[in-house]
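The structure appears below as structure tokens.
The values are calculated or read from the model by the stated rules, or taken from the named source; none is laboratory data. These numbers were taken from a predicted model, which means no experiment stands behind them. Glycine gets a Cβ as well: all are built from the backbone with ideal geometry, and neighbour counts include every protein chain shown.
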Amino acid sequence: MIRNYLNQYKKTPLTVRAALAYTICSILQRSLSIIAVILFTRMLTTEEYGQVSVYGSWQGIMTVFITLQVPYGTFSTAMLKYEDRRNQYTSCAQFFCVMMGGIAVAVITIFRTCFSQVFELPYFIIVFMIAEIVANAIILCWFARERFEYKYRSVVTFTVVQSMIGLLLMFLFVICSKERGYAKIVGNSLNSIIFGSIVLAFSFYIGKKIFVWEFLKYIIKFNLPLLPYYLSQIIFNSSDRIMISNLKSTSDAGIYSIAFSLGMLMNFILTAVLNAYQPWFFYRIKDGTAAQHKKNTTWIALGMAILVIGLITATPEIIGIMAGEKYRGAIWAVPPIAISLYVQYCTNIFLYLDFYHEIKVYMNIATISAAVINVILNWIFIPYVGFVGAAYTTLVSYIVFEIISFISYKKICKQYEYKEDVFEIKKLFLIQLVVMMLGLVLMLLYKSFTIRLMLIVAGILVVYFCRKTIIDVFKKIKTSGSNVL
């Protein structure tokens, strides 16, 4: 029996195995994150948890300036451009992040008083933040390199081990400190720094290069014009918590952070699937067969929609288990944030052509517009509606981002004379409409556990009775990926 399963697994297309491995890894990683939330929401006050949340928001913004988001979209393009020098490019990209981190520490040290006041964080915490940013960038560059060739075993093993040790370090630091919010931050930072140092040494060993002017010029030329895109994206993902902390309280920021974490619960799965899907999709664009596999994108979207609806349905119970009664108010912010996840999925795939064809102007317009709208709406609604208002401004911002990204997608299709859409546009938007309607209806049923339980049971029964159809669908997806690489 076990041997048969192993044989079937070995015959499975590499892309399917990679996606499955990354999904399982994300589930394990997210499970550890849930354990961490359950643990630390009970060990930290809402104000201390707010400190951690605000730290994370500033970290996201600083990451853009320090790393120029080198490990992300443009990295896949570089893996195609420098196909015969991938190891060298990876080590040079990592060295670039180290160099930028050193510059950032120097600037922070000179203007330490100013930065401490703006960030509302001690100087030593800001230094830890920069070190963690650099370490994470180093790890993510290596991940991107491995994922591009579907070397998923090393990535999965590394991720699980790092997550487990990180949880242990944070727990030890918190129980041994009176400043528990900062202790959790330092424990997590040290974990990233340790593992980042190991990856850096390994990458330098196999890459043999730490500075190649051709690579450095490419990184700056490609990523610097995208700075508004990445910064705007981070702002409308992170500004909510910073503005809630300033316009309301650090405690409210902590409660919103729980809602945001739960609403984005499936983000790890989405990211894992897209990390496996993007290289495959780039190859399909290259060989001109992307449109022939457009159903794959739709089925992934449908799977994400089911997960989002399930999450929204069980939100009150999950919040109760994860964080306890003091975070109960977070349940009303989860549905719009969770719906944003599906919108984010559509936005990401629409931008694939921008990244592939190295077109930056549309991405910058999309993110800047969304970020400006998000900040303005937050400024208007947070003082009156509180953190729940911030959740809805997040959804509105993502929809604006998606609309502009879709316009960009259509323009690029026309510019490069694509004969047909590479995605099933109508189906993607129809699924999104259903998710929005169901999400808002389910929110009205939060006080009725019985009705929601009946809906969950009904959903499980539908899946059970349609299992043959579902299996056939997965077989089609599996077959469509059999000729990858």
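Looking at Tyr392, Tyr345, Tyr352, can you tell me which residue is in contact with a Leu (Cβ under 9 Å, 6 or more places away or on another chain) and within 21 Å of Gln278 (Cα to Cα)?
Within the list Tyr392, Tyr345, Tyr352, the selection yields Tyr345.
Out of the stretch 381-426, which residues are part of a helix (DSSP H, G or I) and either of a type in the set (Asp, Glu) or on the phi > 0 side of the Ramachandran plot (or both)?
Glu402, the sole residue that qualifies.
Evaluate the following for Leu168: is it out of contact with any helix residue (DSSP H, G or I) (no Cβ under 6 Å at 6 or more places or on another chain), buried (at least 20 other Cβ atoms within 10 Å of the Cβ) and not charged (D, E, K, R)?
No; evaluated as a whole, the condition is false for this residue.
Collect the residues in the stretch 321-342 that are modelled with pLDDT of 80 or more and surrounded by fewer than 24 Cβ atoms within 10 Å (Cβ to Cβ), keeping them in residue-number order.
Ile331, Trp332, Leu341
I'm told Ser249 meets every condition in (1) modelled with pLDDT of 75 or more; (2) surrounded by fewer than 21 Cβ atoms within 10 Å (Cβ to Cβ) except one. Can you identify the failing condition by its number?
Only one criterion in (1) modelled with pLDDT of 75 or more; (2) surrounded by fewer than 21 Cβ atoms within 10 Å (Cβ to Cβ) is unmet by Ser249, namely (1).
Please give the number of the condition Met170 fails out of (1) under 30 Å from Ser369 (Cβ atoms); (2) of a type outside the set (D, E, K, R); (3) in contact with a Lys or Arg (Cβ under 7 Å, 6 or more places away or on another chain).
With respect to (1) under 30 Å from Ser369 (Cβ atoms); (2) of a type outside the set (D, E, K, R); (3) in contact with a Lys or Arg (Cβ under 7 Å, 6 or more places away or on another chain), Met170 is out only on (1).
What number goes with the only condition from (1) touching an Asp or Glu at 6+ places or on another chain (Cβ under 8 Å); (2) surrounded by 19 or more Cβ atoms within 10 Å (Cβ to Cβ) that Ile404 does not pass?
Answer for Ile404: the failing condition is (1).
Of the numbered conditions (1) in a helix (DSSP H, G or I); (2) in contact with a helix residue (DSSP H, G or I) (Cβ under 8 Å, 6 or more places away or on another chain), Ile359 fails exactly one; give the number of that condition.
(1)
In this structure, does Lys360 turn out to be of a type in the set (D, E, K, R), closer than 24 Å to Thr77 by Cβ and in contact (Cβ under 8 Å) with a residue 60 or more places away in the chain? Let's see the steps before the verdict.
Numbers: of a type in the set (D, E, K, R): yes; closer than 24 Å to Thr77 by Cβ: yes; in contact (Cβ under 8 Å) with a residue 60 or more places away in the chain: yes.
When the stated conditions are applied, Lys360 passes them.
Filter the stretch 409-434 down to the residues that are under 30 Å from Glu317 (Cα atoms) and exposed (fewer than 12 other Cβ atoms within 10 Å of the Cβ) and list them by number.
Scanning the stretch 409-434 gives a single hit, Leu433.
Give me the helices (runs of 4 or more DSSP H) completely within the stretch 99-189, filtered to those with at least 3 residues that are farther than 25 Å from Ile242 by Cα and at pLDDT below 85, ordered by residue number.
The qualifying helices (runs of 4 or more DSSP H) are 123-148, 152-175.
From the list Tyr182, Tyr205, pick out the single residue that is more than 22 Å from the chain's Cα centre (by Cα) and within 30 Å of Tyr89 (Cα to Cα).
Within the list Tyr182, Tyr205, the selection yields Tyr205.
If we scan the stretch 202-216, do we find a residue that is touching a Leu at 6+ places or on another chain (Cβ under 7 Å) and either assigned to a helix (DSSP H, G or I) or without any contact (Cβ under 8 Å) to a residue 12 or more places away in the chain (or both)?
No - not one qualifying residue is present in the stretch 202-216.
Collect the residues in the stretch 435-450 that are loosely packed, with under 13 Cβ neighbours inside 10 Å and either within 23 Å of the chain's Cα centre (by Cα) or assigned to a helix (DSSP H, G or I) (or both), keeping them in residue-number order.
Within the stretch 435-450, Met437, Val441, Phe449, Thr450 meet the criteria.
If you scan the stretch 52-102, which residues turn out to be without any contact (Cβ under 8 Å) to a residue 60 or more places away in the chain and crowded, with 24+ Cβ neighbours inside 10 Å?
Residue satisfying the conditions is Cys97 alone.
Applying the selection to the stretch 325-356, what residues are in a loop (DSSP other than H, G, I, E, B) and touching a Ser or Thr at 6+ places or on another chain (Cβ under 6 Å)?
Leu351 - this is the single residue of the stretch 325-356 that is in a loop (DSSP other than H, G, I, E, B) and touching a Ser or Thr at 6+ places or on another chain (Cβ under 6 Å).
Could you please find all residues in the stretch 160-175 being under 19 Å from the mean Cα position of the chain (by Cα) and over 20 Å from Gln59 (Cα atoms)?
Val160
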